[in-house]
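Everything on this sheet refers to the single structure shown next.
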Protein chains: 2
Amino acid sequence: MDDDAATEILAATHRALCDRGYADVTLADIAAEADRSKGLIHYYYDDKETLFAAFLDYLYDRYTERIESVAGETPRDRLVGLFETVLADRKGSAGEQLRTAMLAVNAQAPCDDAIRARLERFDEYLLDRVAAIVADGVATGEFADDVDPTVAAEFLVTAVAGAHARRAAVDRSPDRIVETMTRYAERHLVADGPAEVSG
Amino acid sequence: MDDDAATEILAATHRALCDRGYADVTLADIAAEADRSKGLIHYYYDDKETLFAAFLDYLYDRYTERIESVAGETPRDRLVGLFETVLADRKGSAGEQLRTAMLAVNAQAPCDDAIRARLERFDEYLLDRVAAIVADGVATGEFADDVDPTVAAEFLVTAVAGAHARRAAVDRSPDRIVETMTRYAERHLVADGPAEVSG
């Protein structure tokens, strides 16, 4: 299969997931959506689980590329840029596709080791990335030297996951949370920030 | 239907959801699980959606009762107690049942107004509750007077949602997040807290 066909099938997987949800979607639906024969898809993917795992791998590559491209002069700028990137709502972004996929698969994840392992990769990647930026900020003195990068990353990644979950389940806009997380970073992490002034 | 039978059917709904997920579960499965006739269940609930909405209402009552029972001498104690309660993992608690139900239904929620409206009630309840505790703390001077209760509540409720989502999807323990949220409350909200000392 050439790369275009593979990408097309994965894009069709995304559309079929949005329409039907993971539990109901079939390889035949995906073939129809991609305008390919069911035989072609079966040739490459044994079953829905295998195709979905490939879909998550494809999203992982796009997701990490996007996060790695976040620029910023200082760790604080990079941290805010990262929040904006992972919480941005751009249609068709890897982040948006990932959220749909996660929603579609969440109910199945606890029972499927291959899927759980893939979801853990996203989580670990984001934890590592945030911890590295925070550690940079502590090293350069931009963040307070008693900030533990691992603990801060755990909290921030949890807030990101919560922003996604709340948007999906109850339609809360993430705009406010980007602002609040930025404020958190400024008050809680930044050395000599407003925390001392305001208590 | 007497209260015992209703409670039994709702408990059976929970078990059937855990076993099969929302997409696959049928009223017949729930009847079998409750050891009742399918006719009895159909008499009270037209379809799975109606039964699931009743199940969410039943969880809402248990959930709010539990949160309202959180005691504590000061707003800070009550806030930490609330985190522990909503993030506690006790088997069979309303919180645990709610999480399972949310997982089972998340993929469907965006398409189902009745379910979405019910999930929003949980979210709004928790937001109001946290904002009220934070406002109390600001009023008594325990929390800094520049803390905006609504903004703090939005951030904290988002972190709670994220802790639930990450536990479900990637099996992260919430113990650390309870600790980190407590630390957040102490450094970020509390007036004259360690924030000044450590910067």
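Selection of region A:1-41 for residues being charged (D, E, K, R) and open to solvent by less than 70 Å² (accessible area, probe 1.4 Å) yields A:Asp29, A:Glu33.
Scanning region B:169-190 turns up no residue that is modelled with pLDDT of 80 or more and within 8 Å of chain A (Cβ to nearest Cβ). I'd like the full set of residues that are in a helix (DSSP H, G or I) and within 17 Å of A:Leu17 (Cα to Cα), limited to region A:29-43. Answer for region A:29-43, where residues must be in a helix (DSSP H, G or I) and within 17 Å of A:Leu17 (Cα to Cα): A:Asp29, A:Ile30, A:Ala31, A:Ala32, A:Glu33, A:Ala34, A:Lys38, A:Ile41. In region A:1-47, what residues are away from chain B (no Cβ under 14 Å) and among the β-branched types (Val, Ile, Thr)? Selection gives A:Thr7, A:Ile9, A:Thr13, A:Ile30, A:Ile41. On the stretch given as region B:110-168, residues that are at the interface with chain A (Cβ under 7 Å from one of its Cβ atoms), among the small types (Gly, Ala, Ser) and open to solvent by 10 Å² or more (accessible area, probe 1.4 Å) total 3. Residues considered: B:Leu87, B:Leu40, B:Leu10, B:Leu82. Of these, the only one that is over 30 Å from B:Ala144 (Cβ atoms) and either touching a residue at least 40 places away in the same chain (Cβ under 8 Å) or in contact with a helix residue (DSSP H, G or I) (Cβ under 7 Å, 6 or more places away or on another chain) (or both) is B:Leu10.
The values are calculated or read from the model by the stated rules, or taken from the named source; none is laboratory data. Note that the structure is a prediction, hence the values are computed from the model and not measured. Neighbour counts are summed over all protein chains in view; Cβ atoms, including those assigned to glycine, are modelled from backbone coordinates with ideal geometry. Accessible surface is based on the protein model in full, side chains and every heavy atom, while ligands, DNA and RNA are left aside. Shrake-Rupley method; radii C 1.70, N 1.55, O 1.52, S 1.80 Å.
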